[in-house]
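The numbers here are math on the coordinates, done by the rules we state, and not lab data. Model, not experiment: these values are computed from the prediction. Counting neighbours? That spans all protein chains shown, and the Cβs are built from the backbone with ideal geometry, glycine included.
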Amino acid sequence: MKRVALVLGVVAVAGALTLACSTMKTDVDYDHTINWSSMHTFQLAEGTRSPETFTQKRIEDNITSQLTSKGWQAVTSNPDVIVTPHVVLQAEKQWNASGTGGFGRFGGGMAQATQSTIPIGTLVVTMTNPKTGELIWRGSAQDQVNTSGGDNGQIQQAIAEILKNFPPGSAKS
């Protein structure tokens, strides 16, 4: 009996930890022919803005903070790269169903299905060559959006993940 309780307790804790984990998806791609060690300056450009002014400012501040922590310098003219954040918001529909069975072969029972809307945010950060306009680096993060206004942690996490191995070739093996 104690063994069953222990197993159920472990399963419950594992389930709670799984639910607490982020569902953030990230992706990065870049031009592998670029000599990234020769680039050290960037300039932010306006992309597809967040409808929330605070959120947009947090995105720009976090990008600047991450890049400067990697030794890059923000400039207002003649940058090595142009960094442009893009925000895309969408809603996904989710169906939740539950039900109870009847008594044996007598059937019956009840079922209920409810629909909910899940707000999903995608942040795409692009870097372009200012001389040619060509895309040289792109990173993205997608996750459920916190609609209560406490999105700063999500933004920090998303940008940290996107820029984790930036510049290319800097990751420690």
Suppose every K and R has +1 on its Cβ and every D and E has -1 on its Cβ; what is the size of the dipole of the range 23-162 about the Cα centre, in Debye to the nearest 20?
400
Those aspartates and glutamates that a straight Cα-Cα span of less than 16 Å connects to LYS131, excepting residues fewer than 8 apart in one chain:
ASP31, ASP80
One checks the Cα atoms of the range 23-162 and finds Rg and Dmax, in Å, of 21.5, 78
Which of SER65, SER98 has the fewest Cβ neighbours within 10 Å, and the rest in rising order
SER98, SER65
